[in-house]
1. Filter the strands (runs of 3 or more DSSP E) completely within the range 231-338 down to those with at least 2 residues that are away from ligand 1 (no atom under 16 Å from the Cβ), free of Cβ contacts under 8 Å to residues at least 60 places away in the same chain and small (Gly, Ala, Ser).
2. Across the range 38-54, which residue is nearest to Pro290 (Cα to Cα) among those that are open to solvent by 10 Å² or more (accessible area, probe 1.4 Å) and in contact with a Lys or Arg (Cβ under 8 Å, 6 or more places away or on another chain)?
3. Could you list, ordered by first residue, the pairs with Cβ atoms under 8 Å in which the first is in the range 168-188 and open to solvent by 70 Å² or more (accessible area, probe 1.4 Å) and the second is at pLDDT below 95 and among the β-branched types (Val, Ile, Thr), at least 6 apart or interchain?
4. Name, by its number, the condition in (1) part of a loop (DSSP other than H, G, I, E, B); (2) surrounded by fewer than 22 Cβ atoms within 10 Å (Cβ to Cβ); (3) under 19 Å from the mean Cα position of the chain (by Cα) that does not hold for Leu107.
5. Pull up the range 239-258, narrow it to residues that are open to solvent by less than 10 Å² (accessible area, probe 1.4 Å) and touching an Asp or Glu at 6+ places or on another chain (Cβ under 8 Å), then point me to the one that is nearest to ligand 2 (Cβ to nearest atom).
6. For Lys82, are the conditions met, namely being at pLDDT 95 or above, of a type outside the set (Gly, Ala, Ser) and out of contact with any His (no Cβ under 8 Å at 6 or more places or on another chain)?
7. Restrict the check to the range 194-204 and report whether at least one residue is among the polar types (S, T, N, Q), part of a helix (DSSP H, G or I), over 14 Å from Ile104 (Cβ atoms) and away from ligand 2 (no atom under 16 Å from the Cβ).
8. What is the residue count in the range 68-87 for residues that are under 20 Å from Val6 (Cα atoms), open to solvent by 10 Å² or more (accessible area, probe 1.4 Å), within 10 Å of ligand 1 (Cβ to nearest atom) and in a loop (DSSP other than H, G, I, E, B)?
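The values are calculated or read from the model by the stated rules, or taken from the named source; none is laboratory data. None of the values given here were measured: they were computed from a predicted structure. Counting neighbours? That spans all protein chains shown, and the Cβs are built from the backbone with ideal geometry, glycine included. These accessible areas exclude ligands, DNA and RNA; they are computed on the full protein's heavy atoms, side chains included. Shrake-Rupley method; radii C 1.70, N 1.55, O 1.52, S 1.80 Å.
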Amino acid sequence: MRRIAVIPGDGIGIEVTREAVRALETVSRLSGFDLRLDSLPYGADHFLRTGETLPAGAMDRLRDYDAILLGALGDPRIPDMKHAADILLGLRFGLDLYVNYRPIRLLDERLCPLKGRTASEVDFVVFRENTEGLYVGMGGIFKKGTADEIAVQEDVNTRKGVERIVRYAFEFAKSRGKSRVVMSDKSNVLTYGHDLWQRVFRAVAAEFHDIEARHLYVDALTMQMIKDPSQFQVIVTCNMFGDIITDLGAQLQGGLGMAASANLHPGQVSLFEPVHGSAPKYAGKDIANPFGAILTAALLLEHLSRDEEALRVERAVMACVRTGQTARELGGSLGTRAVGDAVCREIERPTSF
Ligand code: IPM
Ligand code: MN
């Protein structure tokens with residue numbers, strides 16, 4: 001039996017997670033995969049009611065699960081996003097989930113905003129460092145609110161931290177039969193932090209003779225992602241640049257509503273969350289596109305070595321896109337729930353076995 005902690009969170013996170021859970025239940029029932037899903041209430045409501053974001057001991061309890069499925073966090077009643085930062089960044093840091101794995105995969109060429117790109121031309125993965133960089137929250141403000149105010153935000157790069165994500169990217173490439181890895185930084189300007197990235201990248205690349213190691217400054221990378229996405233197989237980059245380029249990548253696959261993501265630490269509990277946020281504007285209206293969350297559930301299955309089930313879920317989403325069983329965001333006319341129904345029907349269809 002495998003145990004999954006489900007944290008639907010806030011806004012549309014609640015609605016899309018419901019559909020991801022149904023897809024998980026459907027596929028596991030069909031294949032006899034014993035999955036237990038425990039729903040946990042952490043999010044804005046829980047915070048406003050109790051004052052706690054992630055209660056004491058929650059992190060340890062979460063470590064005992066096989067995986068965590070998270071919807072989205074963010075609520076206009078908490079403008080400083082304290083609970084979101086505590087929970088999402090808290091889990092990334094607390095569980096040391098150093099790999100942020102974000103596949104950029106176009107499921108149907110009609111979803112791509114670029115002219116004339118086929119699905120096979122947009123198919124790469126981004127490995128975003130997930131525990132360091134500008135996200136560590138080190139720094140401070142001096143003389144706040146005065147004309148002499150100074151704000152400092154530190155960019156933390158450790159040799160260990162850089163090496164483990166770069167190595168993960170190469171190992172992934174090797175294990176999936178990929179031949180190219182791009183490391184992207186801004187070492188022409190960030191001459192200390194990203195000099196470290198340069199040196200570590202060269203050292204690790206030297207261990208992988210069969211894999212072409214290429215470097216692109218991040219500004220050039222964004223240009224190349226639009227100009228010719230087919231050149232990319234594996235991209236590895238720091239936390240902040242990874243955040244930015246994966247939103248760009250999400251658009252290449254049809255928008256944030258299509259983008260799946262995993263926060264991993266090999267051998268330990270990992271966290272799965274779609275790239276999109278809680279979109280309060282669309283919350284509770286049954287209009288959100290659940291595909292990103294459902295594809296995230298497929299990543300979770302893959303992580304649990306249930307490749308066949310993962311493939312079935314992914315194929316079901318693909319079939320829905322192909323046949324126009326989609327939410328409004330993708331030009332369809334279905335609500336969130338109805339899209340989830342359609343995905344479950346496709347999972348159950350004998351042809352997708
Ligand atoms: C993401 C999000 C988060 C991030 C926010 C919500 C803190 O944008 O997962 O990409 O910046 O990492
Ligand atoms: Mn982001």
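1. Values: elements: 234-237, 262-264, 270-272.
Of the strands (runs of 3 or more DSSP E) lying wholly inside the range 231-338, none has at least 2 residues that are away from ligand 1 (no atom under 16 Å from the Cβ), free of Cβ contacts under 8 Å to residues at least 60 places away in the same chain and small (Gly, Ala, Ser).
2. As a first pass, look at the range 38-54 and keep what is open to solvent by 10 Å² or more (accessible area, probe 1.4 Å): 38-42, 45-54.
In the following step, the residues that additionally are in contact with a Lys or Arg (Cβ under 8 Å, 6 or more places away or on another chain) were identified as 38, 47-48, 53.
Numbers: Asp38: 20, Phe47: 25, Leu48: 26, Thr53: 25 Å.
Restricting to residues being open to solvent by 10 Å² or more (accessible area, probe 1.4 Å) and in contact with a Lys or Arg (Cβ under 8 Å, 6 or more places away or on another chain), the top hit is Asp38.
3. none
4. (2)
5. Among those residues, the one meeting the criterion is Gly242.
6. Details: at pLDDT 95 or above: no; of a type outside the set (Gly, Ala, Ser): yes; out of contact with any His (no Cβ under 8 Å at 6 or more places or on another chain): yes.
The answer is no for Lys82.
7. Start the filter on the range 194-204 by keeping residues that are among the polar types (S, T, N, Q), which leaves 198.
With the extra rule that they be part of a helix (DSSP H, G or I), the set shrinks to 198.
Filter again for over 14 Å from Ile104 (Cβ atoms), leaving 198.
Filter again for away from ligand 2 (no atom under 16 Å from the Cβ), leaving 198.
Within the range 194-204 (the criterion being among the polar types (S, T, N, Q), part of a helix (DSSP H, G or I), over 14 Å from Ile104 (Cβ atoms) and away from ligand 2 (no atom under 16 Å from the Cβ)), the answer is yes, since at least one residue qualifies.
8. 1
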